[in-house]
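A quick write-up on the structure given underneath.
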Amino acid sequence: MRLCAANLACRRGGRDVFAGVNFGLAAGEALAITGRNGAGKSSLLRTVVGLIRPAAGAVVFEGGDDELTVAEQAHYLGHLDALKPALSVAENLRFWCGFFGGKAKTVDAALAAVGLEGLKDLPAAYLSAGQRRRLSIARLVAVQRPLWLLDEPMSALDAAAQQGLAGFMRAHLSEGGLILAATHGPFGLDADHELRLGEGDAAPCPVLGQEEATELEAPRPAPSPGAFRS
């Protein structure tokens, strides 16, 4: 399993955010995306997961399910926690389990893993910022997906919660998962690779060479009808 980006570029509001981004990430590896504020770290994650259309380049998830998009095989943890304030802690997680195709029986175990089992009946509106973040992290635990895209994952977490998230990330990598994390500092892992944005017009990553990136970006033939499962 491998996630590759070739000559990726992003343009927002008439401004070039980044260009010439190449990387390749294999199963069991983590990539730290770093750089100054406004360099495009969040935009890169959103481009990879399909929330932003790239201005140029391509993203390919090799070894995944050919019938699913990158987004359908990924967990995206952004700055916003994507919670309904009127729903309880358990109801919020139960919704996301259903949305992601998971099983409701995993809800209690996931809440216990992030230390929220005692608050499962509390409306999400009453949670602190750190508790809201932990509830969002519970999605990663409740439903297995191979690719984790994490934007400032340690934001709002206390020391104990940071250690817990670091443990979840290490377990995910040990099982062959992949992690892309946008961060300004330590995020609980020694990343296998670092991609630093904002240093010049292009931000190449040595994980993927230019020749390989060009080959990856080239159009590919459409799969034959027999390649799809019935």
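What follows is calculated from the coordinates using simple rules that are stated; it is not laboratory data. Nothing here was measured: the structure is a model prediction, and the numbers come from that model. No Cβ is skipped: glycine too gets one built from the backbone with ideal geometry, and neighbour counts run over all protein chains shown.
Using a 10 angstrom Cβ neighbour count of at most 14 plus a DSSP loop assignment to flag exposed GluC sites (Glu not before Pro), which longest range of the chain is free of such sites?
Values: sites that count: GLU67, GLU175, GLU199.
With a cap of 14 other Cβ atoms within 10 Å, the longest stretch comes to 68-174.
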Original post:
Quick one: TYR76, TYR126, fewest Cβ neighbours within 10 Å first, how do they rank?
Top reply: TYR126, TYR76
Original post:
Rounded if a/c is under 1.5, else prolate if a/b is larger than b/c, else oblate: which is region 36-86, with a ≥ b ≥ c the root eigenvalues of its Cα gyration tensor?
Top reply: oblate
Original post:
Given +1 on the Cβ of Lys and Arg, -1 on the Cβ of Asp and Glu, and no further charges, what dipole in debye does region 2-221 carry about its Cα centre, rounded to the nearest 20?
Top reply: 820
**OP:** Restricting to region 2-221, compute how many DSSP beta bridges are antiparallel as a %, nearest 5.
**Re:** 45
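Loop sites only, by DSSP: take the trypsin sites (Lys or Arg not before Pro) in the chain that have at most 11 other C-beta atoms within 10 Å and name the longest stretch containing none of them.
Working: sites that count: LYS103, LYS105, ARG229.
Counting only loop sites that pass the neighbour cut-off, the longest clear stretch is 106-228.
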Subject >> Sequence-distant lysines (8 or more away, or on other chains) whose Cα lies within less than 25 Å of LYS103 >> reply: LYS84, LYS120
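Counting other C-beta atoms within 10 Å, which of HIS75, HIS184, HIS193, HIS172 has the fewest, and how do the rest follow? It would help to have the intermediate numbers written out before the result.
Numbers: HIS75 25, HIS184 13, HIS193 18, HIS172 22.
Lowest to highest Cβ neighbour count: HIS184, HIS193, HIS172, HIS75.
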Original post:
What relative contact order, as a whole-number percentage, does the chain give when Cα pairs under 8 Å and 6 or more residues apart are counted?
Top reply: 32
Original post:
HIS184 to ALA109: extension gain in nm, 0.36 nm per residue of separation minus the Cα-Cα distance?
Top reply: 23.9 nm
**OP:** Could you tell me whether region 102-150 comes out rounded, prolate or oblate from its Cα gyration tensor? Rule is a ≥ b ≥ c as square roots of the eigenvalues, rounded for a/c under 1.5, then prolate if a/b exceeds b/c, otherwise oblate.
**Re:** oblate
**OP:** Would you mind ranking PHE100, PHE168 so that the residue whose beta carbon has the fewest other beta carbons within 10 Å leads the list?
**Re:** PHE100, PHE168
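Is the chain rounded, prolate or oblate when judged by the Cα gyration tensor, a ≥ b ≥ c being the square roots of its eigenvalues, rounded requiring a/c under 1.5 and prolate requiring a/b larger than b/c? Working shown, then result.
On the way: a/c = 1.95, a/b = 1.46, b/c = 1.34.
The shape class here is prolate.
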